[in-house]
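Here the structure comes first, spelled out in structure tokens, and everything after it is commentary.
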Amino acid sequence: MPTIRVQTEDFDAGAETARLRAGDPKVGAVASFVGVCRDVNEGDAVTTMTLEHYPGMTEKALAKIVDEAMARWRVVDVTVIHRVGELRPADQIVLVAVAGAHRGEAFAACEFIMDYLKTRAPFWKKEQTPQGARWVDARAGDDEAAARWGADEKNAA
């Protein structure tokens, strides 16, 4: 059963990965991604980033993305943890971890979840810079990364 959490608290990626495997002999590979807050964006220093979301709606969107990945690849389990609230440079933002029988499926599902999370999950980012606060726009590169998975919109997460 997948684990999906949206929280303000930090997470321990090692402990979450260990929990995901938990001695399951079906697991032959775990692929993971940890996103971290940077201190610069678009050439400007970033002192803080605030992530906002709609509780309930966000978790449903993440569950739909995970369900899509689990339908595409034979994976054993998935963990997605996304932080919200105020974050500082070097703080962890997101963990996507996928356990599978084989590395190829685990890697593909992990990358797919992250690509879809960046483009289809309802999060809004506001950065604080020396010039003031600004909302972060979606990036064309994120849309291109998600588009390569070839899902049509009616089936997309």
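The values are calculated or read from the model by the stated rules, or taken from the named source; none is laboratory data. It should be emphasised that the depicted structure is a prediction, and the values quoted were computed from it without experimental measurement. Backbone-built Cβ (ideal geometry, glycine too); neighbour counts: all protein chains shown.
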| field | Restricting the range 125-148 to residues that are touching a strand residue (DSSP E or B) at 6+ places or on another chain (Cβ under 8 Å) and surrounded by 15 or more Cβ atoms within 10 Å (Cβ to Cβ), the residue that is modelled with the lowest pLDDT | value | 136
| field | Positions within the range 55-84 being more than 16 Å from the chain's Cα centre (by Cα), of a type in the set (Lys, Arg) and either at pLDDT 95 or above or surrounded by 14 or more Cβ atoms within 10 Å (Cβ to Cβ) (or both), in sequence order | value | 72
| said: Suppose we filter the range 13-54 for residues that are in a loop (DSSP other than H, G, I, E, B), over 15 Å from the mean Cα position of the chain (by Cα) and within 27 Å of residue 107 (Cα to Cα); how many remain? | reply: 8
| task | Would you please list the contacts, defined by Cβ atoms under 9 Å and residues six or more apart or on different chains, that run from a residue in the range 119-147 that is without any contact (Cβ under 8 Å) to a residue 12 or more places away in the chain to a residue that is in a strand (DSSP E or B) and of a type in the set (D, E, K, R)? | result | 133/126; 133/127; 134/44; 134/126; 134/127; 135/125; 135/126; 135/127
| query | Which pairs have Cβ atoms under 9 Å, sit 6 or more apart or on different chains, and link a residue in the range 17-38 that is among the aromatic types (Phe, Trp, Tyr) to one that is surrounded by fewer than 12 Cβ atoms within 10 Å (Cβ to Cβ) and in a strand (DSSP E or B)? | reply | none
| query | For the subset of the range 1-12 comprising residues that are touching a residue at least 40 places away in the same chain (Cβ under 8 Å) and either of a type outside the set (A, V, I, L, M) or part of a helix (DSSP H, G or I) (or both), which member is surrounded by the fewest Cβ atoms within 10 Å (Cβ to Cβ)? | reply | 9
| Filter result for residue 62 (under 15 Å from residue 5 (Cα atoms), out of contact with any Ser or Thr (no Cβ under 9 Å at 6 or more places or on another chain) and in contact (Cβ under 8 Å) with a residue 12 or more places away in the chain) | yes
| note | Checked the range 55-71 for anything small (Gly, Ala, Ser) and not in a loop (DSSP other than H, G, I, E, B); matches are 61, 63, 69, 71
| Flag for residue 121 being among the small types (Gly, Ala, Ser), modelled with pLDDT under 95 and within 15 Å of residue 62 (Cβ to Cβ) | yes
| note | Across the range 17-54, the tally of residues that are aromatic (Phe, Trp, Tyr) and either modelled with pLDDT under 95 or loosely packed, with under 13 Cβ neighbours inside 10 Å (or both) stands at 1
